[in-house]
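> Submitted below is the structure of interest, expressed as structure tokens.
Derivation of every value follows stated rules applied to the coordinates shown; laboratory data play no part. Computed from a predicted model, the values in this text were never measured in an experiment. All Cβ positions, glycine included, derive from the backbone under ideal geometry; neighbour counts span all protein chains shown.
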Amino acid sequence: MWFTREGFILAVEENWNLHAYGDPLFSFEQAELEVQECETVFERTFLSVDREALHKATAKHLRALAVEEDYLSRLSGYKWL
């Protein structure tokens, strides 16, 4: 397979563009902080606007969690090659 060729993992590690793709672990942490902030605001106000913001932040957090899980799964697979 193409990803088992010699030097593939090294090439990917060297060419990973954090500006374009971002750091999946950082985006997960950032999304988690956003959820915490939205929870705090909603607990104080109980407004529907804040509830909607909390739901959006939770959805973003779940998406970041899925991306992080996929990233770590692939990373662990590459280490075994």
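> What's the total number of residues in the stretch 36-81 that are of a type outside the set (Phe, Trp, Tyr), in a helix (DSSP H, G or I) and within 30 Å of Leu10 (Cβ to Cβ)?
Of the residues in the stretch 36-81, 15 are of a type outside the set (Phe, Trp, Tyr), in a helix (DSSP H, G or I) and within 30 Å of Leu10 (Cβ to Cβ).
> If the Cβ limit is 7 Å and pairs must be 6+ apart or interchain, which residue in the stretch 39-58 that is closer than 18 Å to Ser27 by Cα pairs with which residue that is among the acidic types (Asp, Glu) and in a helix (DSSP H, G or I)?
Correct list of pairs: Leu54/Glu39; Ala57/Glu34.
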